[in-house]
Amino acid sequence: MQTILMESDPPTILPCLQLGEVARLDTCVTMIDSADFHNNLASLKTYDDCTIVGTIAELMMDQVEFANVICLNKCDLVKDKQAADLYEKISLLNEKAKIIKSVHSKIDVKDILNTHMYKDKEEFWVTSTKQEANIEARAGKDAPDACTARFDIKSFVYRARKPFHPGRLNDLVLKPFFMDPFANYDEEDEDVEPPELSNEEKLKKEQDKKEQLEETQAEATEKQKRRTDLMGELLRSKGFFWLATSNDVIGGWQQAGNVLR
């Protein structure tokens, strides 16, 4: 066995750089869950007409107004008329922002990277900072409250060494309170050319799709109400989990609004 000793020059100590010296703030992007946001449009109208502060509607308004690019995601979960209504409302809330649409978060990265859109925070009009109730609430403070305090958003971590029972997890948690993202997934083979449909068949297919979407939205609204009554306003949950039937395989948990993967 040979041992090789190597010598090197002493390490060079680089000066501690500030983030602003090596990077710039390029774009402020807001991602919107089209289905969930559309359900909350009524709350936004209520918020616009009153001085109640610290609501989720206010947080949604802030995030829309303070954005250079707004991505309307999950467009497949809203009807064409709803999507048009949502686009119109967002345009009114922030007429300067670039609005893009997506399904499953698929976008052109050129729409959000190296855009040079962000100039200065003073260019944004944020309604909540102009409201008298908010101004009074923040009077005498050196900095605004963090979102978690301002909107009474709380979080907790659930930990357990015991794996989930798959049947109970589905029957008691998933099925009653959340939507299956793949329930209405139309699996098509991309390599197979779809058959030609007559005009009558195309109309029927479109009608079936609209009826299915209406049923999905009605089911989602009912589950959201049931979930909120039991858990409160659940915005986000994520993490890892194990099932008793496959405890050597780790699972990923991602939930936003009604949809859980």
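Laid out as a table, the results:
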item	result
Check on Val192, over 15 Å from Ala35 (Cβ atoms), modelled with pLDDT under 90 and β-branched (Val, Ile, Thr)	yes
Candidate set: region 212-261, residues that are within 23 Å of Pro163 (Cβ to Cβ), among the polar types (S, T, N, Q) and surrounded by 14 or more Cβ atoms within 10 Å (Cβ to Cβ); chosen: the one modelled with the lowest pLDDT	Gln255
Long-range neighbours under 8 Å by Cβ, at least six apart or interchain, first residue small (Gly, Ala, Ser) within region 69-86, second at pLDDT 90 or above	Ala83/Leu72; Ala83/Lys101
Helices (runs of 4 or more DSSP H) contained in region 16-128 and holding at least 2 residues crowded, with 17+ Cβ neighbours inside 10 Å and at pLDDT 85 or above	56-65, 80-93
Residue check for Phe156: of a type in the set (Phe, Trp, Tyr), at pLDDT below 80 and either part of a loop (DSSP other than H, G, I, E, B) or touching a helix residue (DSSP H, G or I) at 6+ places or on another chain (Cβ under 9 Å) (or both)	no
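The values are calculated or read from the model by the stated rules, or taken from the named source; none is laboratory data. If you're wondering where the values come from, they're calculated on a predicted model, not measured in any experiment. Because the Cβ atoms are built from the backbone with ideal geometry, glycine has one as well, and the counts that use them run over all protein chains shown.
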